[in-house]
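Readers should treat all values here as calculations from the given coordinates under stated rules, not as data from a laboratory. Predicted model only: the values in this text are computed from it and were never measured. When we count neighbours, we look across all protein chains shown, and the Cβ atoms used for this are built from the backbone with ideal geometry, even at glycine.
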Amino acid sequence: MKGDTRRVLNSKILHGLRVREVMNREPPTVSPDTPLEDLFERLLTQAEDFLLVVDEKKRLLGVITESDVLQALHPHVPGTVVGSLWKETRKAAARIAREIMSPNPITATPDMTIYQALNLMRVHKVRRLPVVKGRRLVGQLSVKNILEIHKFVR
């Protein structure tokens, strides 16, 4: 019985909660002109393993991961570890955020349900989604944010 109750409760949470209720409202951001060394330092000193690239109006331009910065710093790392040959070559010459970032990331909206966001993560094989309203970044949702919900329903 306890398992059935938990399953029903979890289903209601996933279908009832909205992304805006769970998302991180202050995700790590950088400008498109941020130098490679600054990206490296930020990734070393923050908890998250990514940076969202935004313009002066907070419009989302792209995402940078630890693997992207690693590829720019060490172009000899095999592409099978961090990406395709094209990405390897492009990132090896990169010196600023706009040259390293992956543009047009998959995004969520604040009004999506947690279930819809999880489905996007599953389909696109990502662990986090920038949250945008129009093109403006308003937050970020990760698997960890969703897992944190469950500590309140255990």
> Between the DSSP loop rule and a limit of at most 12 other Cβ atoms within 10 Å, which trypsin sites (Lys or Arg not before Pro) in region 21-75 are left?
Replying inline: R25, K57
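Provide the net charge surrounding M23, with neighbours chosen by a C-beta distance below 12 Å and charges set as Lys +1, Arg +1, Asp -1, Glu -1.
Details: positive: R18, R20, R25, R128, K133, K144; negative: E21, E26, D111, E148.
That works out to +2.
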>> At R0 = 22 Å, how high is the FRET efficiency between D55 and H15 if r is their beta carbon distance? Nearest 0.05 is fine.
In response: 0.05
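Using a cut-off of 11 Å between beta-carbons, work out the net charge of the residues near P110 (Lys and Arg +1, Asp and Glu -1, P110 not included). Mind showing how you got there, number by number?
Details: positive: R18, R20, R25, K133, R136; negative: E21, D111.
Value of the local net charge: +3.
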>> Which aspartates and glutamates, if any, have their Cα less than 14 Å from the Cα of K133, not counting same-chain residues under 8 positions apart?
In response: D111
